[in-house]
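**Student:** First, the structure itself, so that you have it in front of you.
What follows is calculated from the coordinates using simple rules that are stated; it is not laboratory data. Note that the structure is a prediction, hence the values are computed from the model and not measured. We place every Cβ from the backbone using ideal geometry, glycine too, and count neighbours over all the protein chains shown.
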Amino acid sequence: MKVQQISVFLENKSGRLAEVASILADADVNIRALALADTSDFGVLRLIVNDTVKAEKVLKSRGFSVGKTDVVAAEVEDRPGGLYKILSLLGRSGLNVEYMYAFVQQSQKNAVMIFRFDNIDEAVKLLLHNGVKVLSGQELYAL
Amino acid sequence: MIYDIRHETMPREDLESLQLRRLQASLERAYAMVPFYRKRFQEAGITPGQIRSLADLKNVPFTTKQDLRDNYPFGMFAVPMDMVVRIHASSGTTGKPTVVGYTARDIEMWAELMARSLAAGGANRGDIVHNAYGYGLFTGGLGAHYGAEKLGASVIPVSGGNTKRQVLIMKDFKPTILTCTPSYALHLAEAAEEMGVSFADLHFKAGIFGAEPWSENMREEIERKLHLSAVDIYGLSEVIGPGVSVECHQAKKGLHVFEDHFIPEIIDPNTGKSLPYGETGELVFTSITKEAFPVIRYRTRDITSLNCEPCICGRTLVRMNKVSGRTDDMLIIRGVNVFPSQIESVLMEIHEVEPHYQLVVDREDNLDVLTVKVEVGEKLFSDKVKKLQEIERRIQKHIKDYLGVSAKVKLVEPKSIQRSEGKAVRVIDNRKI
Ligand SMILES: [Zn+2]
């Protein structure tokens, strides 16, 4: 019930993001979700791709620092309060969301959010227990 | 004004015989009191008694910063601790500082030399000295302070920092002499301008600036912006501190070395061979009157040349040209000595950091700014921005704690630091000196 995310360290200079995109395109890797967190000096690019192993390999070979992390992809009901429901559930249980971002594709009519937890196993258990749909990697890439 | 007419204008012949007498006594004392020096003499197969002329000095072995480090902290002291009244220290190559000691007579002599230096720059009894050199382990603040008091001037011991308050003091106390690093002088000028205070309306007539290398261009800029006459002062704590040599305000062409206390030599840094007057090489000093911490042929790593032509000011003391470089990679950041190897050892204590770093020095608003670029390798990288920022802060704090300098830390991509022939370029100094 976990999805692999890769993250890439980028300096804040123009063209770096485009370069990552072009390296992945050349390797036939499809970017399914992407979020950039940045400071004034640097940024961390987080990606969900259809082939994590290949993406990591080509980016490393081009000199990037690449990390791999397990994240959770969860369906968020497509109605007001959908996201709030999940966040308050997590908040009540004391599970800290390190960061989150939206997946490009929808699952049926629902939005998909990517969550990064420190304690991922507990988070997955909690979500499932409360009827939140958690997508596997395969399900996610098939969207 | 010449503070000590007798010694500063002594005929060369008399000066040289005084030097020889003092040198012989100083070598005897160091040999008797400091095991390190005794061992060095023995290894070279000589005794102090064999030094019969100033020319014989070149047979004596050199002393290096490494030697001082090996004898950390008090191993080079030539007097018992109960005679040492002051201890100063400057940073060394490994984070261990170089420690120097002074007897009451050393402090007295140093004050005399600083009084001479201030007078050479244009100060006099009755002047008010705004002393913005840092007070503390660094020799600048207390050195200038004691010299100003010895001269009979009034000292404002303002030390470094709090620039706005400094400008207010300059307006209200009407100091006439400024002592600080040349870059801080320019910083003061800018701060004053921002506060709507013009140096033209202040009362300065002269400034004695040192503790970092500076150029003729910078002198012009300081003199224009601060409306005062600027001279260069040189010194290093191992030799005594500031007041080893100073420019006279009449000529402003080379720094008169106080040769009745220190014998300067220029050597070829590669072969160690003595070079004649006029040739450029590494500056070497032998102290001939110091009690607590005598130095014998101490290699300063500073590159310059000596000029023995008579000077219009009347001093007969030889002049050294402005220091033009270093034989090692030492950087002076806001008056603090920094070696790249020190930064490296600080970085190595943080286990996430790999030894891929670069130091970039810029001068922004006339202040030195040190940026430490660190490559983000696999060990350091995290998908959490918070964690990366925490590492930046940790590096910054370590550098400040261990080296006493504030640095900006910039995380950069792997392999982005320029490498020349496979070797990383460790230092980029963008300051125009
Ligand atoms: Zn002169």
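**Student:** For chain B, rounded, prolate or oblate, judged on the Cα gyration tensor with a ≥ b ≥ c (square roots of eigenvalues), a/c < 1.5 rounded, else prolate if a/b > b/c?
**Tutor:** In terms of gyration-tensor shape, oblate.
**Student:** Over the range A:3-67, what relative contact order in percent results from Cα pairs under 8 Å that are six or more residues apart?
**Tutor:** 44
**Student:** Which FRET efficiency value, to the nearest 0.05, do you get for A:Lys85 and B:Tyr72 by plugging their Cβ-Cβ distance into 1/(1 + (r/R0)^6) with R0 = 60 Å?
**Tutor:** 0.40
**Student:** Just to be sure I understand: with springs between alpha-carbon atoms less than 10 Å apart, which residue in B:Asn124, B:Asn59, B:Asn307 has the highest mean-square fluctuation in the Gaussian network model of chain B?
**Tutor:** B:Asn59
**Student:** If you don't mind, there's one more thing I want to ask. In terms of modelled amide H atoms, which long-range or inter-chain residues lie less than 5 Å from the amide H of A:Phe103?
**Tutor:** A:Val112, A:Met113, A:Ile114
**Student:** I'd like the Karplus ³J(HN,Hα) series for the range B:77-88: coefficients 6.51, -1.76, 1.60, θ = phi - 60°, whole numbers in Hz, and an x wherever there's a Gly or Pro.
**Tutor:** In residue order, the calculated couplings are 6, 9, 9, x, 4, 6, 9, 7, 9, 8, 10, 10 Hz.
**Student:** From the backbone phi of the range A:75-91, what are the Karplus-calculated ³J(HN,Hα) couplings (6.51 cos²θ - 1.76 cosθ + 1.60, θ = phi - 60°) in whole Hz, Gly and Pro given as x?
**Tutor:** So the J values, rounded to whole Hz, are 6, 10, 4, 7, 7, x, x, x, 6, 4, 4, 5, 5, 6, 4, 5, x.
**Student:** Can you spot the lysines whose alpha carbon is less than 16 Å from B:Lys164's alpha carbon? Ignore those fewer than 8 places along the same chain.
**Tutor:** B:Lys174
**Student:** If I model a spin label as a point 7 Å beyond the Cα along the Cα-Cβ vector, how far apart are those points for B:Asn59 and B:Arg6 in nm?
**Tutor:** Using points 7 Å along Cα→Cβ, the separation is 3.3 nm.
**Student:** Using the crude model of +1 on Lys and Arg Cβ and -1 on Asp and Glu Cβ, and no other charge, please compute the dipole size for chain B relative to its Cα centre, in debye to 20.
**Tutor:** It comes to approximately 420 debye.
**Student:** Between the range A:22-47 and the range B:126-189, what is the separation of their alpha carbon centroids in Å?
**Tutor:** Between the Cα centres of the range A:22-47 and the range B:126-189 lies a distance of 54 Å.
**Student:** Hey, rough spin-label estimate for B:Arg52 and B:Lys387, points 7 angstrom out along Cα→Cβ, what's it come to in nanometres?
**Tutor:** It works out to 7.4 nm between the two label points.
**Student:** Take the alpha carbon atoms of the range B:285-315, find their center, do the same for the range B:380-412, and report the distance between the two centers in whole angstrom.
**Tutor:** If we compute the Cα centre of each part, the gap is 41 Å.
**Student:** A follow-up question, please. Using DSSP loop states and a limit of at most 16 other Cβ atoms within 10 Å to flag GluC sites (Glu not before Pro), what is the longest stretch of chain B containing no flagged site?
**Tutor:** By the stated rule (loop sites, at most 16 other Cβ atoms within 10 Å), B:1-278.
**Student:** Only four residue types carry charge here, +1 at the Cβ of Lys and Arg and -1 at the Cβ of Asp and Glu. Report the dipole size of the protein assembly as shown about the Cα centre in Debye, rounded to the nearest 20.
**Tutor:** Dipole of the protein assembly as shown, to the nearest 20 debye: 560 debye.
**Student:** Same structure again: May I ask you to sort B:Val197, A:Val66 by Cβ crowding, counting other Cβ atoms within 10 Å and putting the fewest first?
**Tutor:** Going from least to most buried by this count: B:Val197, A:Val66.
**Student:** Points 7 angstrom from Cα along the Cβ direction at A:Ala25 and B:Glu378: gap in nanometres?
**Tutor:** So the label points at A:Ala25 and B:Glu378 sit 3.0 nm apart.
**Student:** Once amide H atoms are placed 1.01 Å from N in the peptide plane, what residues at a sequence separation of 5 or more from B:Cys248, or on another chain, have their amide H within under 5 Å of its amide H?
**Tutor:** The answer is B:Lys253, B:His256.
**Student:** While we're looking at this one, here's another question. In whole Hz, with x marking every Gly and Pro, tabulate ³J(HN,Hα) for the range A:120-134 from phi via Karplus 6.51 cos²θ - 1.76 cosθ + 1.60, θ = phi - 60°.
**Tutor:** 5, 4, 5, 5, 4, 4, 4, 5, 4, 4, 9, x, 7, 7, 10
**Student:** Pulled fully out, how much extra length does the chain show between B:Leu18 and B:Asp172, if you take 0.36 nm times their separation in residues and subtract their Cα-Cα distance?
**Tutor:** Contour length minus the Cα-Cα distance gives 50.9 nm.
**Student:** Under 17 Å from a label point 7 Å along Cα→Cβ of A:Asn12: give me every residue in the range A:18-45 with its amide N that close.
**Tutor:** A:18, A:36-45
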